[in-house]
1. For the residues 138, 109, what sequence is obtained by ranking on other C-beta atoms within 10 Å, fewest first?
2. Report, in cubic angstrom per residue, the convex hull volume of the C-alpha atoms of segment 145-318.
3. How would you rank 182, 4, 217, going from fewest to most other Cβ atoms within 10 Å of each one's own Cβ?
4. Using the Kirkwood formula over every pair of different C-alpha atoms, what hydrodynamic radius in Å results for segment 196-278?
5. Quick one: angle between helix 272-286 and the longest Cα principal axis of the chain, in degrees between 0 and 90, rounded to 10, please.
6. Compute the FRET efficiency between residue 132 and residue 100 as 1/(1 + (r/R0)^6), taking r as their Cβ-Cβ distance and R0 = 22 Å, and round to the nearest 0.05.
7. Sort 168-180, 263-275 by the packing proxy (mean of other Cβ within 10 Å over each peptide's residues), most packed first.
8. Where does helix 177-188 land angle-wise versus the long Cα axis of the chain, in degrees 0 to 90, nearest 10?
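Please treat every number below as a calculation from the coordinates, not as lab data. From a predicted model like this one, the values you see are computed outputs, not experimental measurements. Ideal geometry is used to build each Cβ from the backbone, glycine not excepted, and the neighbour counts take in all protein chains shown.
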C-alpha cells in the first residue's frame, strides 16, 4: 500500500470515534460478542492508552485494543481486538509490534469456523499477522453457555432441568486462599490445560513450574472476586473424606461463569469433573444466574464431555496465541 504509515495510541476524546471508523464485517473477533468498543470512562472495557491504530493519510487501516477492565488493573490483561483492511497485512504486523506490553492474543471465532471460507480467511489473516509479529499458537478453546430451563435459543434441543448431581461428593466452602493454593498445586500435576502447561514449562524445575501455574490460577480466581462471589468457592470430598477437587463459581464482566474445575491426580478417572460442574452450575443458578459462561481446551476431552453431559452449548471458539517470549508479567489474566 502507498502512503506513510502512522502507528499510535489514542486519546480519550477521540478513542471511540477513531477506533470504530474501521469497517468490520463481523465475521470474527470481538464483533461476535456484541459488545461495542468503549473506554472505561464511557462505561466500556478499554483504555485509550492500550488502544492502537495504524493510519494512512489519517485513515485507520488497522487497529488493536487490549482488554483491561477494572480501574485497579495495572497492565493490559489480553489483546482481544485486532483487525485490519484487506491488503494491509504489513500495516497490521507493524501495529502489533508496537503493542506494549506484549500479552496473550485471543481471537473469538464462531463454531465450525474452518468450514466457512470467508470466516476461515478472516481468521487466518489475523493469525498470520500475529505470527509474523511474534505471537505463537498456544491452544484453541471451546466457549460455552448454559441457560436455566425454558430460557435461551434452542432450549428444545437440550435436556430440561438442572444438571443431575450424582451425590458422590461432599462440597464445603473454603475461605482460606492458602488452602486453595495448595489444592491448585496438586491439580497442576498431569493437567491437560494448555495455559497451565505453558506456565509449567516456563520454569527450570518442576516444582517452580507447579508453583507458577498454581499462583497464576489463584491470581485469576482472585481477579474474578473483584466482581463478587468469593464465598461460592467449594472443595469437594469423597464420602470417605478424601479430597477430590475444587470448583469455583464466579463472576466476570458479562455475568456468571464457571471459573475453575479441577480434580486432584489421585481422584482422576472417576468422572468427577462432571460432579464438580453440576454442583457449580446448581450453585450459580441458586445465586440468580440467568446464563452461565464457561470454557475449556479442545484437547481436554474429559472436561468437554462433562460440559456436554451438563447441557452446556458451544457458542464460540477462542484461538489463543502467546508472545514469543511469553506475556509480560504483572497482574492477573482474563476470564
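1. Values: 138 18, 109 25.
Result, fewest neighbours first: 138, 109.
2. Values: hull volume 20.2 nm³, N = 174.
So the per-residue Cα hull volume is 116 Å³.
3. Working: 182 12, 4 7, 217 28.
Fewest-to-most Cβ neighbours within 10 Å comes out as 4, 182, 217.
4. Values: mean 1/r = 0.0714 Å⁻¹.
Final number for the Kirkwood radius of segment 196-278 is 14.0 Å.
5. 80 degrees
6. Taking R0 as 22 Å, the efficiency between residue 132 and residue 100 is 0.80.
7. Numbers: 168-180: 13.7, 263-275: 18.2.
Those peptides, ordered most packed to least, come out 263-275, 168-180.
8. 80 degrees
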